[in-house]
Amino acid sequence: MEHKYVYLFSEGNETMRELLGGKGANLAEMVRLGMPVPQGFTVSTEACTRYYEDGKKIGGDILAQIETALTEIEKINGKKFGDTTNPLLVSVRSGARASMPGMMDTVLNLGMNDDVAAGLIAGNPDPKFARFVFDSYRRFIQMFSDVVMEISKKKFEEIIDELKKEKGVKDDIDLDVNDMKALVAKFKAFYKEQRGVDFPADPKVQLLESVKAVFRSWDNPRANEYRRMNQIPYSWGTAVNVQPMVYGNLNNNSGTGVAFTRDPATGAKALFGEYLINAQGEDVVAGVRTPNPIAQLKNDMPEVYAQFVAIAQKLEEHYRDMQDMEFTIENGTLYMLQTRNGKRTAAAALKVAIDLVSEGVITEEEAVLRVEPQQLDALLHPQFDSKALKSANPIGKALPASPGAACGRVVFTAADAAEWAGRGEKVVLCRLETSPDDIKGMAVSEGILTVRGGMTSHAAVVARGMGTCCVSGCGEIEMHMDEKYFLLAGKKYSEGDYISLDGSTGKIYGEAIKTVDADLSGDFGLFMSWADAARTMKVRTNADTPADTIQAVKFGAEGIGLCRTEHMFFGGNRIKSMRKMIVARTLEAREAALAEILPFQQQDFTEMYEALEARPMTVRFLDPPLHEFLPSKANEIADLAVDLGMTAEELAKIVESLHEVNPMMGHRGCRLAVSYPEIAKMQTTAVINAALAVTAAHPEYNIVPEIMIPLVGEIKELKYVKDIVTSTADALIAAAGSDMHYKVGTMIEIPRAAVLADQIATEAEFFSFGTNDLTQMTFGFSRDDAGKFLQSYYDTKIFEDDPFERLDQIGVGKLIEVAVSGGRKTRPDIKLGICGEHGGDPSSVKFCFKLGLDYVSCSPFRVPIAKLAAAQAAIAAKK
């Protein structure tokens, strides 16, 4: 039996979304419900896949099925495609299984040519009708030329503007029938000029080329970008919907519009939308004319309005969710052209979900599934004022590294950021790239902009932890750090100039745009309580300071899964003591410097344990290479040498000796503790003493410190460092007369450790997967440089996602799976978690749940996102 690729609307239903796409399945369902839908057919997503497999050609069997379906809809509609007396004109629209509004292409009024136009007018010589016919004809030429033949529509608009200027009119609607005829002639002449052939008059050629164009649009740049942002697989393909045209631009008793069953901005339960009299759908979207609010339709066409309200209510009841609907009124008759679950703001998503529960439409668990985890970002960070943003134009775009909105004056160094902020100025820190030394400036900045670095660069990771807006990797910037200015989009931006950043989209604006603070309403707390009730996997946070810890607890973190102790060494006298330790050439000198650092580190741990109350904290010992704590420029080295009581030449030699060709795989992590055991002793002392002090003050907390040794690849190096930790900790606990327990574990971030996890688990009491480094070492990509070439991988479909942003479940995920199995085989009660940036990515969280991890850990502002993703995973597993 021949494989079926084409389905009449009457042959489908809402369960066939994967095959018919969202639009096709919903059109079929509306037909099944008896709603007024122009009856057409859908060319399936499988046909799209075949199109690409066959070298961008539509197979003969698919063409034959399209012909058969076309004949059927001719019978249903009583019109014939290409006929000159009673012609069937159609629209060709895309429709993927996941909603991708505006990403792919549409062609309207297809089937029109000179003979069809003349035949239509012969049956109705009214000049108004003749104008309508030629208006539809010119729209078709313009749309077909743009979508199918890739001729810029801008020139067509210029031709229209020239004619309006010549006629002395302002709007398209003021052009008469002769003007429309003239536009058709001008458009066809321009088409021939561009393509060297006449505009295609054969309706079947028009249809075939339009179907191919919709299939091609699945692979256009904006669709690819949208899919990557929304985790929609390329392999899904798009369906094509062919539907008889109905005309909102027929006369003043016709119109077209878009409406929602609830307000998509606020979630309020009231019909929301707009329509235009005597217009086609594109006019509403294009903004050429100002639409009327949907409520006004009650006055203009009361019977149509009543029918539409009844249909809207029926659709929401049927789909049990807010609906986004497109409709057309042709000469007083209503037609439904689309319905889908409506896109909505985060605030609206929460309100609609909660209201549907209170209305008895859905359960609390169903409500939890209705909100996209990533949407919660918008509720946790400042956003641009929507009115102010409308008039702003971006000057550049880069990676949306940390969400939120920021506006401030440009500064180029961390020191300047601190100075300007100290004067009460809001600043945006602009750097080639950031380093740990910039932490103080980053902390006081409204936003951070970097020329280099990806989604897991230092700037991105630290900014997300702080909840600070960050746009990274804007390679278009020509940076002049010493002169304190940069060039972008042909304009110079100097220190003190205003810029604005959108960390959710990556857009950069060369002006001040007003921001508004996030508002965590009561809906948020209620909704998250439902998510927590459904969730089984814990969610911790990555936090390095008491302030971060307080913020994380506020967002519902159930502990700290990663405390990066190196971030505690910056600022004030701490960095000076750290640098003393690094340049020390004797054990005694190193120990003296570490003794200066100890009280600072111990105080931070004490405050963090107090903020956490009884929640656990995993403390990662010193991880980055030591050169990151020292300056690299000659003038900075000279200044530091004075502070350290040595010559600039001596310090320069030390800095040079610490230089590594590949520092990320160099002398760092547990290797530092092997070389300098005194560092591990000091850090163990700080953690244990802090825990003992807080336990003494709060015996009810039952604190169990978790000490994590980073970058382990060999069991013997783990044992060596663990022995230092345990001997130090045991002595301190015994001296305090305490029976406090503690755990020593490791970060699994080297592939060798994952493969040998069964051995590592003989010493490690817990594993935390450091997926940033594990991804870097598995792929052999530098996470700071990968952004320079990954676009080529997206373009060639080698990758669909950035592996540093979304966990590679096939490769890196396989290593985690091996490590989980090996660890549990040796130590059945081993605690397992993930602490890389992937811990806040919803798809990665769901993967971790599937593997049975005990917790995920992410930056404080991503805790609600991870909690919601974990809840959704638990609900899905039950089903």
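Structure values in brief
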item	result
Residue pairs meeting the criteria (Cβ under 7 Å; at least 6 apart or on separate chains; first open to solvent by 70 Å² or more (accessible area, probe 1.4 Å), in segment 360-387; second aromatic (Phe, Trp, Tyr))	Glu364/Trp530
Any hit, segment 826-837, residues being open to solvent by 10 Å² or more (accessible area, probe 1.4 Å), over 14 Å from Ile748 (Cβ atoms) and at pLDDT 95 or above	yes
Subset of segment 659-677 [crowded, with 18+ Cβ neighbours inside 10 Å and over 38 Å from the mean Cα position of the chain (by Cα)]	Ala673, Tyr676
So Gly737, is it open to solvent by less than 10 Å² (accessible area, probe 1.4 Å) and either assigned to a strand (DSSP E or B) or under 30 Å from Ala686 (Cα atoms) (or both)	no
Given (1) in contact with an Asp or Glu (Cβ under 9 Å, 6 or more places away or on another chain); (2) under 27 Å from Cys563 (Cα atoms), index of the condition Gln601 fails	(1)
Test result for Ala347, part of a helix (DSSP H, G or I), buried (at least 18 other Cβ atoms within 10 Å of the Cβ) and of a type in the set (Gly, Ala, Ser)	yes
Thr728 being open to solvent by 40 Å² or more (accessible area, probe 1.4 Å) and in a helix (DSSP H, G or I)	no
Filtered residues of segment 318-331 (kept if more than 27 Å from the chain's Cα centre (by Cα) and either in a loop (DSSP other than H, G, I, E, B) or among the aromatic types (Phe, Trp, Tyr) (or both))	Phe327, Asn331
Flag for Gly840 being of a type outside the set (Val, Ile, Thr), open to solvent by 10 Å² or more (accessible area, probe 1.4 Å) and in contact (Cβ under 8 Å) with a residue 24 or more places away in the chain	no
Scope segment 302-311; condition among the aliphatic types (A, V, I, L, M) and either without any contact (Cβ under 8 Å) to a residue 40 or more places away in the chain or open to solvent by 60 Å² or more (accessible area, probe 1.4 Å) (or both); matching residues	Val304, Ala306, Val309, Ala310
Options Asn253, Asn241: the member that is surrounded by fewer than 23 Cβ atoms within 10 Å (Cβ to Cβ) and either in contact (Cβ under 8 Å) with a residue 60 or more places away in the chain or closer than 28 Å to Ala69 by Cβ (or both)	Asn253
Residue selected from segment 142-171 under the condition assigned to a helix (DSSP H, G or I) and polar (S, T, N, Q), by the criterion farthest from Val211 (Cα to Cα)	Gln142
Residue satisfying condition, being polar (S, T, N, Q) and at pLDDT 95 or above, within set Thr726, Thr775	Thr726
So Glu446, is it more than 18 Å from the chain's Cα centre (by Cα), of a type in the set (Asp, Glu) and under 23 Å from Pro546 (Cβ atoms)	yes
From Arg222, Arg131, Arg216, Arg139, residue being in a helix (DSSP H, G or I) and in contact with a strand residue (DSSP E or B) (Cβ under 7 Å, 6 or more places away or on another chain)	Arg139
Selection count where residues are of a type in the set (A, V, I, L, M), at pLDDT 95 or above and open to solvent by 50 Å² or more (accessible area, probe 1.4 Å), scope segment 595-645	0
Identity of the residue in segment 146-158, in contact (Cβ under 8 Å) with a residue 24 or more places away in the chain and under 19 Å from Asp179 (Cβ atoms), that ends up most open to solvent (accessible area, probe 1.4 Å)	Lys155
Residue that is open to solvent by 40 Å² or more (accessible area, probe 1.4 Å), farther than 20 Å from Gln39 by Cβ and out of contact with any Ser or Thr (no Cβ under 8 Å at 6 or more places or on another chain), where the choices are Ala295, Ala265	Ala295
Meets criteria (open to solvent by less than 50 Å² (accessible area, probe 1.4 Å), more than 19 Å from Gly273 (Cα to Cα) and either assigned to a strand (DSSP E or B) or among the hydrophobic types (A, V, I, L, M, F, W, C) (or both)) for Leu315	no
Selected residue [open to solvent by less than 20 Å² (accessible area, probe 1.4 Å), touching a residue at least 60 places away in the same chain (Cβ under 8 Å) and over 29 Å from Pro625 (Cβ atoms)] from Gly453, Gly408	Gly408
Among (1) more than 36 Å from the chain's Cα centre (by Cα); (2) open to solvent by 40 Å² or more (accessible area, probe 1.4 Å); (3) at pLDDT 95 or above - the single one Arg752 does not satisfy	(1)
Yes/no for Asn113 being modelled with pLDDT of 90 or more, more than 35 Å from the chain's Cα centre (by Cα), crowded, with 18+ Cβ neighbours inside 10 Å and closer than 30 Å to Ala25 by Cβ	no
Condition check for Phe767: open to solvent by less than 50 Å² (accessible area, probe 1.4 Å) and part of a strand (DSSP E or B)	yes
Yes/no for Glu425 being free of Cβ contacts under 8 Å to residues at least 40 places away in the same chain, open to solvent by 60 Å² or more (accessible area, probe 1.4 Å), under 25 Å from Asp548 (Cβ atoms) and part of a loop (DSSP other than H, G, I, E, B)	yes
Inter-residue pairs, beta-carbon under 6 Å, first under 17 Å from Val107 (Cα atoms) and in segment 211-233, second in a helix (DSSP H, G or I) and open to solvent by 10 Å² or more (accessible area, probe 1.4 Å), 6+ apart	Ala213/Val147
Counted residues, segment 428-450 - those being within 19 Å of Glu628 (Cα to Cα), of a type in the set (Gly, Ala, Ser) and surrounded by 24 or more Cβ atoms within 10 Å (Cβ to Cβ)	1
Within segment 689-723, tally of residues that are under 24 Å from Pro625 (Cα atoms), open to solvent by less than 20 Å² (accessible area, probe 1.4 Å) and in a helix (DSSP H, G or I)	2
Matching residues in segment 374-422 - criterion: being in a loop (DSSP other than H, G, I, E, B) and among the acidic types (Asp, Glu)	Asp385
Subset of segment 443-494 (residues that are of a type in the set (A, V, I, L, M), out of contact with any strand residue (DSSP E or B) (no Cβ under 6 Å at 6 or more places or on another chain) and under 17 Å from Ala417 (Cβ atoms))	Ala443, Val444, Val462, Met466, Met481
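The values are calculated or read from the model by the stated rules, or taken from the named source; none is laboratory data. Fair warning: this is a prediction, and the values are worked out from it, not measured in the lab. Don't worry about glycine lacking a Cβ; one is built from the backbone with ideal geometry, like all the others, and counts go over all protein chains shown. Please note that ligands, DNA and RNA were not included when accessible areas were found on the heavy atoms of the full protein model with its side chains. Shrake-Rupley method; radii C 1.70, N 1.55, O 1.52, S 1.80 Å.
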